[in-house]
1. ³J(HN,Hα) across the stretch 151-164 via Karplus (A = 6.51, B = -1.76, C = 1.60, θ = phi - 60°), whole Hz, x for Gly/Pro?
2. So what's the gap between the Cα centers of the stretch 211-242 and the stretch 15-30, to the nearest angstrom?
3. Take the alpha-carbon centre of the stretch 112-167, take the same for the stretch 168-184, and report the distance between them in whole Å.
4. So if I restrict to the alpha-carbon atoms in the stretch 4-141, what is the Rg, and what is Dmax, the biggest pairwise distance, in Å?
5. Taking amide H positions as placed 1.01 Å from N in the peptide plane, with prolines and chain starts having none, which residues 5 or more places from Gly185, or on another chain, fall under 5 Å of its amide H?
6. At 222 nm, what value in deg cm²/dmol follows for the chain if DSSP H runs of at least 4 each add -39500 (n - 2.57) and the sum is divided by all its residues, to the nearest 500?
7. Rounded to whole Å, give me the distance from the Cα center of the stretch 55-70 to that of the stretch 251-272.
8. For the chain, find the longest principal axis of its Cα atoms and tell me its angle to the long axis of helix 209-229, 0 to 90°, nearest 10.
Amino acid sequence: MPELPEVENARQVVEKGLHRVITDIDDRDTYECRPHRPGEIADALVGGQLVQANRRGKAMWCDTVTADGSAGPTLGMHLGMGGRIIVTAPEGDQQSSYGGGDPHVGVRDTDKPEWTRFTMTFDDGGQLRLFDKRRLGRVRLEPDIDALGPDAAEIDRDQFRERIGKSTTALKARLLDQAVLSGVGNLLADEVLWQSAQSPSRRANTLTTEELDDLRKQLRKSIRAAIKHGGVHTGEIIPSRKADATCPRCGAPMVRGTVGGRTTWWCSREQA
């Protein structure tokens, strides 16, 4: 599943579709657009505009206005495990398209119309499309984001100390709890714990204030780097999450286990 950096890159792509009048919507994929009936999303949005692209953790949604300029429904878009947002520029523009989402989806793949699950067409001839080969994404009106915790890229020091440091659960499991902290997935958690040299199975409430502050610092640093370089797969430890790999920092063997129900890799020396 895409993590915060991939979703942020997709959100920046969606911004290319803001303030463009919507003339048509293809929402016939009843699985991707559940629980809506075909035409329901179109009826709510055609004639209006997307005016702001928002994100909290892995959740992404757009504020809209109707044709008369009044506030419209919010439009949620979820990438699933391999979805990609494509926004094409106005007809005649030299910049033909912008893409954001799964970095392993190539440009040639996105030319396959059968894997386009949702299409929004603008009055300038451009489009916003959700390309989703696996059909695990989601588009819906008025998505519920109230259950999500603070965004991992924006949480302040005091909130982080309170939400992470007061739990008796394993540190990695706490970081992965989206109601506690939204946006951290399996790969990002392994990257951040390696960067801070913390054991993924350590009880969160045993970290000192200084260790919690450093963990937050490494989290923010890792998120910025992943956004800049195209996703969490670009993290320093990610290539070493495999059998017979060694820690790129100290050379000790990497260890594989399960923490919080997720496959986890850590340095046998520095994160013991």
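1. 5, 5, 7, 10, 4, 8, 4, 5, 4, 5, 4, 5, 6, 8
2. Centre-to-centre (Cα) distance: 33 Å.
3. 18 Å
4. 13.6, 40
5. Those qualifying (amide H under 5 Å, at least 5 residues apart or on another chain) are Leu4.
6. -7000 deg cm²/dmol
7. So the two Cα centres are separated by 40 Å.
8. So the helix axis and the longest Cα principal axis differ by about 40 degrees.
Values quoted throughout were computed directly from the atomic coordinates according to the rules given, and no laboratory measurement underlies them. The model shown is predicted, which means the values in this text are computed figures rather than measured ones. Don't worry about glycine lacking a Cβ; one is built from the backbone with ideal geometry, like all the others, and counts go over all protein chains shown.
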